[in-house]
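Notes follow the structure.
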Amino acid sequence: MRVALVNPPWDYRNSIYFGCREPHLPLELGYAAALLAASGHETLLVDAHLEGLSAEAAADRVAAFAPAMTVVATAPTYLFWRCAPPELRVPRQFLDTLAGRGGTTVAVGPHGSATPRPVLDKLGCAIVVRGECEEVVARLAALPDLRPETLRAVPGLAVRDGEAVAVTGPPQAGRFTDLPALRWPDQWIARHRHHHHRFDAAPDGPGAEVEASRGCPYTCSFCAKIDFRDAYRRRDLNLVLDEIDGLIAQGVTYVYFVDEIFLPQKPLLEALVARDLRFGIQTRIDLWKPDMLDLLGAAGCVSIEAGIESLTEAGRAALDKRCRASTDDLAERLIHARRTVPFVQANLIAVAGDDPDLVAAWRDRLRGQGVWANDPVPLYPYPSSPDYRRLWGEPDDRAWERAHAHYLGQFAQFSDIQDERPLPLPELEAACGCC
Ligand code: SF4
């Protein structure tokens with residue numbers, strides 16, 4: 001089968017999206033393309049965001065390829081599935097522009113994982129994949145045809161069948177551990193000048209994103225991973241290193257590990273010590289002992305983002321952090337990490353009842369030791385988070401609208417990066433015909 005895989009040209013205007021706006025490698029589409037190619041399918045990978053293409057140019061390129069199936073992502077890359085832009089206007093605009101020239105249209109991403117029916121409606125596509133998508137996409141391509149009755153055999157789909165919608169099962173998790181080493185086009189890597197979450201130095205070469213593990217054994221109340229990237233799995237180290245060596249050979253000097261929780265893993269860190277590469281991670285500092293933090297710095301880590309969330313044990317317990325360390329212990333470990341890692345950030349979340357003076361004093365103390373602690377940001381109750389389900393139960397067809405309205409109403413102040421006024425979801429999506 002000929003399959004096009006598309007990352008649309010993201011536009012975050014008036015979005016509540018608080019993630020990074022730079023282009024990153026679309027790992028999920030890369031894995032899907034690799035699995036498809038390994039089974040003999042022909043693929044076209046288009047990243048309109050990274051390649052600087054308009055929706056029209058991307059759609060024309062897909063149409064010229066004449067695929068039997070076109071897969072479009074509803075989040076910019078796996079790195080941001082847990083904090084995706086809630087609105088679907090960008091993938092919808094791409095599909096409108098494609099206008100039936102891409103064969104059967106398939107949406108993958110966090111939105112349809114949680115709420116498949118409204119995503120099928122909002123995007124007007126034929127199939128929605130629920131959960132981690134690469135293996136399911138490969139399975140779709142292996143089917144004899146993509147008629148609704150054939151698709152019923154594949155779990156984790158929402159399929160339009162005339163006026164009805166059939167959901168074939170819950171979100172799927174991939175095996176992940178044996179996903180092949182990804183290879184990206186040279187021109188993509190050359191364009192990827194961004195070093196994600198790096199602040200110690202200007203980019204000295206291309207950057208890239210890599211995944212060494214997926215999921216997390218914790219279940220923090222705000223973390224939107226119930227429907228994807230949930231259970232912790234570690235990718236075969238040889239495959240990870242093979243991918244990294246390929247990137248280094250293409251000139252990459254920095255990689256960001258998109259892992260939910262980059263856990264201490266001596267063999268990986270020792271292998272990185274031997275390579276000329278800097279990297280960034282997100283992790284929990286309470287899981288790192290001083291000697292492993294030293295090895296992390298020696299391995300080339302230049303950026304740590306550590307979720308502290310609340311400065312009181314009661315606050316962390318309310319968020320289900322299951323953190324055994326005291327606030328002082330956490331501060332000590334952050335300061336220890338800062339000895340060898342030039343940028344260390346403690347993430348704080350705005351929680352009702354926080355003492356602003358305590359937060360200000362702690363931030364000042366940490367900053368005095370070279371550790372950055374952000375101004376606490378509010379939480380978006382994503383439909384795939386425990387918080388959403390605690391508030392409203394299982395996500396229904398209005399889940400995203402409900403979460404969005406709650407978020408806009410809850411806090412008067414927003415994260416520093418949101419320089420435009422965030423709009424209600426129906427307004428954001430109305431412009432593209434999603435609603
Ligand atoms: S530790 Fe991090 S990745 Fe794991 S559940 Fe908590 S917030 Fe999510």
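Listed by position, the helices (runs of 4 or more DSSP H) enclosed by region 19-101 that each have at least 1 residues that are open to solvent by 30 Å² or more (accessible area, probe 1.4 Å), farther than 27 Å from S213 by Cβ and touching a helix residue (DSSP H, G or I) at 6+ places or on another chain (Cβ under 6 Å) are 55-65, 89-98. Of the set (1) in contact with a Leu (Cβ under 9 Å, 6 or more places away or on another chain); (2) aliphatic (A, V, I, L, M); (3) closer than 18 Å to V128 by Cβ, all apply to A33 but (3).
Do we have A360 as exposed (fewer than 15 other Cβ atoms within 10 Å of the Cβ) and modelled with pLDDT of 95 or more here? So A360 does not fit the description; no.
Considered as a group, the residues in region 229-240 that are touching a residue at least 40 places away in the same chain (Cβ under 8 Å) and more than 16 Å from the ligand (Cβ to nearest atom) include one that is surrounded by the most Cβ atoms within 10 Å (Cβ to Cβ), and that residue is V240. Filtering region 251-262 to residues that are within 14 Å of the ligand (Cβ to nearest atom) and within 22 Å of A202 (Cα to Cα) leaves F257, V258. The set of residues in region 253-262 being over 17 Å from R214 (Cβ atoms) and surrounded by fewer than 21 Cβ atoms within 10 Å (Cβ to Cβ) consists of T253 alone. Inspection of region 207-228 identifies no residue that is away from the ligand (no atom under 16 Å from the Cβ) and in contact with a Cys (Cβ under 8 Å, 6 or more places away or on another chain).
Does region 241-250 contain any residue that is without any contact (Cβ under 8 Å) to a residue 60 or more places away in the chain, open to solvent by 30 Å² or more (accessible area, probe 1.4 Å), away from the ligand (no atom under 13 Å from the Cβ) and within 16 Å of L296 (Cβ to Cβ)? Within region 241-250 (the criterion being without any contact (Cβ under 8 Å) to a residue 60 or more places away in the chain, open to solvent by 30 Å² or more (accessible area, probe 1.4 Å), away from the ligand (no atom under 13 Å from the Cβ) and within 16 Å of L296 (Cβ to Cβ)), the answer is no, since none of the residues qualifies. Condition first: farther than 14 Å from V129 by Cα, in a loop (DSSP other than H, G, I, E, B) and modelled with pLDDT under 95. Now tell me which residues in region 148-191 satisfy that. Across region 148-191, the qualifying residues are G162, E163. Would you mind stating whether R117 is in contact with an Asp or Glu (Cβ under 7 Å, 6 or more places away or on another chain), open to solvent by 40 Å² or more (accessible area, probe 1.4 Å) and over 16 Å from L5 (Cβ atoms)? Considered against the rule, which asks whether it is in contact with an Asp or Glu (Cβ under 7 Å, 6 or more places away or on another chain), open to solvent by 40 Å² or more (accessible area, probe 1.4 Å) and over 16 Å from L5 (Cβ atoms), R117 comes out as yes. Screening Y407 against (1) of a type outside the set (K, R); (2) within 27 Å of L95 (Cβ to Cβ); (3) open to solvent by 20 Å² or more (accessible area, probe 1.4 Å); (4) modelled with pLDDT of 85 or more leaves a single unmet condition, (3). Screening R333 on (1) within 16 Å of the ligand (Cβ to nearest atom); (2) open to solvent by less than 20 Å² (accessible area, probe 1.4 Å); (3) at pLDDT 95 or above shows it passes everything except condition (2). Of the residues that sit in region 249-289 and are closer than 17 Å to H197 by Cβ and of a type in the set (K, R), which one is farthest from the chain's Cα centre (by Cα)? Filtering region 249-289 for residues that are closer than 17 Å to H197 by Cβ and of a type in the set (K, R), the one farthest from the chain's Cα centre (by Cα) comes out as R278. Do we find a residue being without any contact (Cβ under 8 Å) to a residue 60 or more places away in the chain and of a type outside the set (D, E) anywhere in region 67-80? Yes, that holds for at least one residue.
Per-residue answers, yes or no, for (1) among the charged types (D, E, K, R); (2) more than 19 Å from Q345 (Cα to Cα); (3) surrounded by fewer than 16 Cβ atoms within 10 Å (Cβ to Cβ):
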position: F176; (1), (2), (3): no, yes, no
position: W188; (1), (2), (3): no, yes, no
position: R193; (1), (2), (3): yes, yes, yes
position: T219; (1), (2), (3): no, yes, yes
position: I226; (1), (2), (3): no, yes, no
position: P264; (1), (2), (3): no, no, yes
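The values are calculated or read from the model by the stated rules, or taken from the named source; none is laboratory data. Because the structure is predicted, anything quoted here is derived from the model rather than measured. When we count neighbours, we look across all protein chains shown, and the Cβ atoms used for this are built from the backbone with ideal geometry, even at glycine. For accessibility, only protein heavy atoms count, side chains too; no ligands or nucleic acids. Shrake-Rupley method; radii C 1.70, N 1.55, O 1.52, S 1.80 Å.
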